[in-house]
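Novice: So that we are looking at the same thing, I have put the structure below in structure tokens.
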Amino acid sequence: MAGKLVKVNSVTSDGSATSLQVTGINSDHVYMAVSNLLQTQNNNEEIRLRVTKGGTEDSTSNYDYAGRKQSSVTFANKYAANQTSVLLHDNVDDANGGGQNILYLYNFNSSSEFTFLTYETVEAVSNQEAGSSNSACHTVASASDGIKIFGGSGGTFISGANITLYKIL
Amino acid sequence: MSALRFISETTATSTSSLSVTDVFTSDFSVYKVELIRPDLNTGTGTYVDFRFVTSDGIVVSTDYGYGIEVMNSNAGFGSDLNANQGYMRGFRYSSNSSADGGGMVLWIFEPTNTSTYTFARVQAGSYSTAESKNVSTKGIGVLQTTDSIGGINFFHTNNFDSIHVKVYGLRQ
């Protein structure tokens with residue numbers, strides 16, 4: 001099985017989900033997560049991320065992130081420290097598909113190291129097309145076993161919004 | 001079986017435009033496309049760009065928006081961003097040497113979904129012997145229509161001596 005992308009877990013909204021969570025990280029491999037159709041009923045909703053520990057989201061103020069926003073109208077730096085979650089998508093339209101992303105997850109299984117992720121996004125926004133390239137860190141030396149994605153305004157993900165977790169062998 | 005499923009491999013020579021068709025289907029929502037060492041006949045400081053393909057042919061309408069960071073190894077970072085274009089920006093190409101060239105990876109989202117746009121993440125690297133620099137491009141592109149997309153077209157103002165494309169679907 002060496003050299004393969006192995007699906008670990010996948011969650012799809014039925015149109016009533018206010019969050020999407022995948023767990024199952026239990027080894028020292030690098031993992032990958034892919035999300036698509038991250039769209040809610042709220043226009044310009046932020047999409048945010050937290051890591052899970054023992055299956056439960058960690059909402060403590062220990063998230064740092066830094067990246068570069070790329071869009072059809074402007075570029076900008078995006079960064080913050082000591083946050084209660086990671087800003088995954090700045091804002092997504094309530095139509096046309098919302099946000100999509102690719103995440104790589106590092107050191108999740110380590111109980112003695114911080115948890116890291118890199119992520120790239122692309123999204124439909126009401127007045128432009130946008131995305132970003134970033135990394136983030138949960139500055140707590142304890143094992144994480146998954147991620148949870150949710151709308152910053154508590155929006156409900158449309159039917160078909162999906163996140164899938166893979167182990168990279 | 002890997003969740004990243006090989007779909008097709010296409011090579012061509014002596015052409016300025018290569019369309020890889022019938023590769024995006026309802027089987028997958030997410031695809032990975034690799035452009036492997038495109039070898040251009042000539043051209044310095046030009047771009048290999050891309051467009052999507054439907055059953056009616058190449059989408060040339062001005063419904064593409066993109067935002068690409070252009071990063072040079074001899075300093076001088078820039079951006080290339082545009083709305084309402086007839087293409088998406090891809091890979092910066094310079095000079096024609098047997099050694100230089102580069103590659104590009106695209107992640108394509110929701111191409112066959114007729115309720116959404118079609119989205120792309122772009123990352124590429126090339127080396128310009130004429131300009132003595134590595135150039136990286138990284139960014140996004142979106143086709144702002146809900147057409148069902150079946151393929152992708154790579155093109156340049158000059159001929160490719162050779163071009164090589166691989167397409168994979170991601171099982172979710």
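The values are calculated or read from the model by the stated rules, or taken from the named source; none is laboratory data. Worth saying up front: this structure is predicted, and the values here are computed from it rather than measured. Please note: Cβ atoms are built from the backbone with ideal geometry, for glycine as well, and neighbour counts cover all protein chains shown. Keep in mind that these areas ignore ligands, DNA and RNA; they rest on the heavy atoms of the full protein, side chains included. Shrake-Rupley method; radii C 1.70, N 1.55, O 1.52, S 1.80 Å.
Novice: Taking 8 Å as the Cα distance limit and 6 or more residues as the minimum spacing, I'd like the relative contact order of segment A:68-169 as a percentage.
Specialist: Here the relative contact order equals 25 percent.
Novice: Still on this model: Over 31 Å between Cα atoms, which of B:133/B:166; A:167/B:166; A:78/A:148; A:78/B:166 qualify?
Specialist: Beyond 31 Å: A:78/B:166.
Novice: With charges set only on the Cβ (+1 for Lys and Arg, -1 for Asp and Glu), what does the dipole of the protein assembly as shown come to about its Cα centre, in debye to the nearest 20?
Specialist: 600
Novice: Oh, and also: What total accessible area, in Å², is buried where chains A and B meet, using a 1.4 Å probe and rounding to the nearest 100?
Specialist: Interface area, both chains combined: 2500 Å², rounded to the nearest 100.
Novice: Once neighbouring chains are kept in place and the probe is 1.4 Å, which whole percent of the accessible area of chain B is contributed by carbon and sulfur?
Specialist: Of the solvent-accessible surface of chain B, carbon and sulfur hold 43 percent.
Novice: For residue A:59, project a label point 7 Å along Cα to C-beta. Then give me every residue of segment A:129-161 with its amide nitrogen under 17 Å of that point.
Specialist: The answer is A:147-156, whose backbone nitrogens lie closer than 17 Å to the label point.
Novice: Tell me the carbon and sulfur percent of the accessible area for segment A:52-144, rounded to whole percent, probe radius 1.4 Å.
Specialist: Carbon plus sulfur share of accessible area: 45 percent.
Novice: Same structure again: With no solvent and one equal point scatterer per Cα, compute the Debye intensity ratio I(q)/I(0) for segment B:1-149 at 0.11 Å⁻¹ and report its log10, rounded to two decimals.
Specialist: The calculated log intensity ratios at q = 0.11 Å⁻¹ are -0.43.
Novice: Whenever you get a sec, line up A:116, B:154 from highest to lowest accessible area (probe 1.4 Å, protein heavy atoms).
Specialist: I get A:116, B:154, largest accessible area first.
Novice: Heavy-atom accessible surface, probe 1.4 Å, ligands and DNA/RNA ignored: which residues of segment A:34-49 lose at least 30 Å² versus the isolated chain?
Specialist: By number: A:34, A:36, A:37.
Novice: With all protein chains present and a 1.4 Å probe, how do A:4, B:133 order by accessible area, largest first?
Specialist: Accessible-area ranking of A:4, B:133, largest first: A:4, B:133.
Novice: Hey, another quick one. What does the structure give for A:68-80 when I average, per residue, the other chain Cβ atoms found within 10 Å of the residue Cβ?
Specialist: Counting other chains' Cβ atoms within 10 Å and averaging over A:68-80 gives 5.
Novice: Ignoring ligands, DNA and RNA, what accessible area per residue does the protein assembly as shown give at 1.4 Å, in Å²?
Specialist: In whole numbers, the protein assembly as shown has 37 Å² accessible per residue.
Novice: Another question about this same structure. So, in nm, how far is label residue A:168 from label residue B:34 when the simple model puts each one 7 Å beyond its Cα toward the Cβ?
Specialist: Simple spin-label model gives 1.4 nm for this pair.
Novice: Starting from the residue with the highest accessible area, list A:94, A:58 in decreasing order, probe 1.4 Å.
Specialist: Result, largest first: A:94, A:58.
Novice: On to the next question. Less than 14 Å apart at the alpha-carbon level, and either on another chain or at least 8 residues along: which aspartates and glutamates does that give for residue A:69?
Specialist: Residue A:69 reaches A:46, A:90, A:120, A:123, A:129, B:69, B:80.
Novice: Calculate the mean, over all residues of peptide B:62-69, of how many other protein chain Cβ atoms lie within 10 angstrom of the residue's Cβ.
Specialist: Per residue, the number of nearby Cβ atoms from other chains is 4 on average.
Novice: Can you give the mean number of other chain Cβ atoms that lie within 10 Å of the Cβ atoms in peptide B:139-148?
Specialist: Across the residues of B:139-148, the mean count of other-chain Cβ atoms within 10 Å is 5.
Novice: Under 16 Å between alpha carbons, and skipping anything fewer than 8 positions from residue A:4 in its own chain: which aspartates and glutamates qualify?
Specialist: Partners within reach: A:28.
Novice: Something else about it: Let me cross-check residue A:129: its accessible surface, 1.4 Å probe, with only protein heavy atoms counted, in Å² to the nearest 10?
Specialist: 10
Novice: Leaving ligands, DNA and RNA out of it, work out the accessible area of residue B:53 with a 1.4 Å probe and give it in Å² to the nearest 10.
Specialist: Looks like 10 Å² after rounding.
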